[in-house]
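Below is one structure, written out as C-alpha cells, with a few remarks after it.
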Amino acid sequence: KPPPDTRNCLLKFLDYWLIVPRVQWDFFDLLYQMYTFDIAHQGFIPKFVHFFTIPSIVILFFVFMAQFPFQPSLMDGIIHVNEFVFDLNYGAVALIILMAAYIVMGFLRKSLLWGCTTAFCLVLCYIVGNALYDQWRYDAPYLDDMRYNGTRRPWYDPVRTPYHPILWSYVLAAVQASSHFFVPQLPPFITGLRHWEGVWVFLLNPDNKEELKGPKICLYRILSIVLFPVLCVSVAYFSWPHLIGTEVFYIMAGVGYRHDFFEKYRLVATKAELSGDPKLSKFPTSVEELTQVCMYG
C-alpha cells in the first residue's frame, strides 16, 4: 500500500497547476526535459501542435517585448533609436539570457552545436518578432519628430489592438493546451490520482477511481474544465523557454545529430511509455525506475 499523501495545500495546488513541476525549473537537465516532453505529449497530434505553437509563442513574446524600447538616455547616446528590425528593446535582454543559458547547457551536456543552434533560432525569432512589431505598431505622429528632431520614444510603444501579442499568445497557448485532450493518458497530478489515466476515462467514467471517490473526483473533474482557460493555458504559455530547446534537439536528431545518444534515449523513453505508468520525477536509469510506483514516496 502506498504511503499517504503528505503534501500541504500549496504544494498540491502547484503540482496540479504545473503538472510536472520540476521541468519548469530544472532547465539544465537535458535528458529530463526531453523525457518529460515525450511522455507528457504521447501521440502525433500533441507533438505536432507543440512544434507549431511553441515557435509562434516565442515570436509573439518578442513582439510583446518590442513594445518596451530602450530609452536613448539609458544608453548615453551610444545606441540611436530607429525604426528597423534591430531596434533594441527589452526583448534583447531576454534573448541574451536565453542564448547564454542554452550555450552553457550545450557545453555542459556535450551538445554545443545544439546549444548554439537553439541560440540562433532564438535570434531568428527575435528578428521576426521585431519585424512583425514594425508592421503592427501604431503609426504614431511622434515617429517623424523622433527621426528628425531626436525626441524620445515613449516607454510603451504599443501595437494595434487586433494584433496584440497577449491576445494571440493566449489563443496559441489554448490550442497547445487543448492538444493534451488527444494524449492517450493524463499524468497523475492533473487528475489527483496516483497513476496515469486515460483522458476520457477520467472525465466520463464514474466507477474507475479507487484513490478518489465521491466529491473529490467530482471536484477534480470540475476544476479540470472550469480552470482550464486559466491554469492550463498559462502553464502552456510559460513552458516555451525550455520547450524551444527540446524541439530544436528533436529536429537535429531527425537529421542525424548525436544519433547513438538519441537512439539510446528513445529506447528508454519508449519503454517508459509502454509501461502505461511512466515515472515523472526523474529520467529512469534502471528497469525499476521505468514506472511510477508511487509519486509521493
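Values quoted throughout were computed directly from the atomic coordinates according to the rules given, and no laboratory measurement underlies them. Just so we're clear, the structure is a prediction, and the values are computed from it rather than from any experiment.
The slack between Phe261 and Leu219, meaning 0.36 nm per residue of separation minus the straight C-alpha distance, is 10.8 nm. Under 5 Å from the amide H of Asn89 lie the amide H atoms of Phe70, each residue being 5 or more positions distant or on a separate chain, with H modelled from the backbone and absent for Pro and chain starts.
Distant-in-sequence amide contacts of Leu186, defined by a placed amide H-H separation under 5 Å and a gap of 5 or more residues or a different chain, comprise Glu197, Gly198, Val199.
Going by a ≥ b ≥ c, the root eigenvalues of the Cα gyration tensor, does region 19-66 fall in the rounded group (a/c under 1.5), the prolate group (a/b larger than b/c) or the oblate group? Oblate, since a/c reaches 1.5 and b/c is not below a/b. Roughly speaking, what is the centre-to-centre gap between region 216-236 and region 108-135 when only Cα atoms are used, to the nearest Å? About 33 Å separates the Cα centre of region 216-236 from the one of region 108-135.
Rounded if a/c is under 1.5, else prolate if a/b beats b/c, else oblate: with a ≥ b ≥ c from the C-alpha gyration tensor eigenvalues square-rooted, which is region 152-198? Prolate is the answer for region 152-198, as a/c is 1.5 or above and a/b outweighs b/c. Over 22 Å apart at the Cα level, from the set Lys12/Lys282; Lys47/Lys110; Lys47/Lys264, are Lys47/Lys110. In order along region 45-58, phi translates into HN-Hα couplings of 4, x, 5, 4, 4, 5, 5, 8, 6, 4, x, 5, 5, 4 Hz, rounded to whole numbers, per the Karplus curve 6.51 cos²θ - 1.76 cosθ + 1.60 with θ = phi - 60° and x for Gly and Pro.
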